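Presented below is the structure to which this report refers.
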Amino acid sequence: PTLDEIEHRIIEAALEFSKHNLSRAARLLGISRDAVRYRLEKHRGYEVKRSDDRLMAAFASAADAARFVLDVLGGGEALRIGVHTGDPIRETDPATGPAHYFGPTVNRAARIAEAAHPGQAVFSGPALMAAGDAILGADVVPLGEHRMKGLERPEPLFQILPGALKGRSFGPLRT
């Protein structure tokens, strides 16, 4: 078996033992923020900030973001994920060095993430189109158009899950 297959079996066993309680399974496995950071680096992502079940990250491309999403959800992480693509405003803090991102693109991605449930990835229409072949084999479910706080127009949204999680359902989006 490959390393990915072994990792998948271990995660499945922990989930079964914890009766699918993701937090308990993560504790059993000793999964920490390092697992997410490893996946970020693997897919050319940059962690901008993280709190509880939300992560703000920047990627070199929408395809890299999609690969990260499928990898992290396939690994059992219960992040609320919103993906949008565009040109954010980027400034580097002269004192500490980390980049800060803001502007309409970042606001839209944040609103999409807020609408998602833990373990759910929601993509905007532009992000879905830009992901291209990176989502081949993924379960793509249209969720319709949604109005979100602070955004002038409704956004067509899509749920993206790894093919192995096809059919997993969540409650209505929190828009």
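The values are calculated or read from the model by the stated rules, or taken from the named source; none is laboratory data. Remember, predicted model here, so these are calculated numbers, not experimental data. Cβ: placed from backbone, ideal geometry, glycine included. Neighbour counts: every protein chain shown. Keep in mind that these areas ignore ligands, DNA and RNA; they rest on the heavy atoms of the full protein, side chains included. Shrake-Rupley method; radii C 1.70, N 1.55, O 1.52, S 1.80 Å.
Per-structure values
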| read-out | value |
| --- | --- |
| Single unsatisfied condition, E145 versus (1) in contact (Cβ under 8 Å) with a residue 24 or more places away in the chain; (2) touching an Asp or Glu at 6+ places or on another chain (Cβ under 8 Å); (3) outside any loop (DSSP other than H, G, I, E, B) | (1) |
| Residue match in region 123-134 (condition: surrounded by 14 or more Cβ atoms within 10 Å (Cβ to Cβ), touching a Lys or Arg at 6+ places or on another chain (Cβ under 6 Å) and without any contact (Cβ under 8 Å) to a residue 40 or more places away in the chain) | no |
| Flag if G137 is over 19 Å from the mean Cα position of the chain (by Cα) and either more than 23 Å from S61 (Cβ to Cβ) or in a loop (DSSP other than H, G, I, E, B) (or both) | no |
| Those residues of region 73-94 which are open to solvent by less than 40 Å² (accessible area, probe 1.4 Å), of a type outside the set (G, A, S) and at pLDDT below 90, in sequence order | E77, L79, R80 |
| All positions within region 158-175 that are open to solvent by 30 Å² or more (accessible area, probe 1.4 Å) and under 21 Å from V72 (Cα atoms) | F158, G163, A164, L165, K166, G167, R168, S169, F170, G171 |
| Every residue from region 95-116 that is surrounded by fewer than 16 Cβ atoms within 10 Å (Cβ to Cβ) and not small (G, A, S) | T96, P98, H100, F102, P104 |
| Close pairs from region 99-110: first assigned to a strand (DSSP E or B), partner crowded, with 16+ Cβ neighbours inside 10 Å, Cβ under 8 Å, at least 6 apart | A99/V48; A99/A58; H100/V48; Y101/V48; Y101/M56; Y101/A58; Y101/P88; F102/P88 |
| Residues satisfying the stated conditions in region 39-96, i.e. under 22 Å from L3 (Cβ atoms), assigned to a loop (DSSP other than H, G, I, E, B) and in contact with a Phe, Trp or Tyr (Cβ under 8 Å, 6 or more places away or on another chain) | H43, R44 |
| Of the criteria (1) open to solvent by 20 Å² or more (accessible area, probe 1.4 Å); (2) in contact with a helix residue (DSSP H, G or I) (Cβ under 9 Å, 6 or more places away or on another chain), which one E155 fails | (1) |
| Selection count where residues are at pLDDT 85 or above and either surrounded by 14 or more Cβ atoms within 10 Å (Cβ to Cβ) or β-branched (V, I, T) (or both), scope region 11-59 | 9 |
| D64 vs. criteria open to solvent by less than 40 Å² (accessible area, probe 1.4 Å), on the phi < 0 side of the Ramachandran plot, among the charged types (D, E, K, R) and more than 9 Å from the chain's Cα centre (by Cα) | yes |
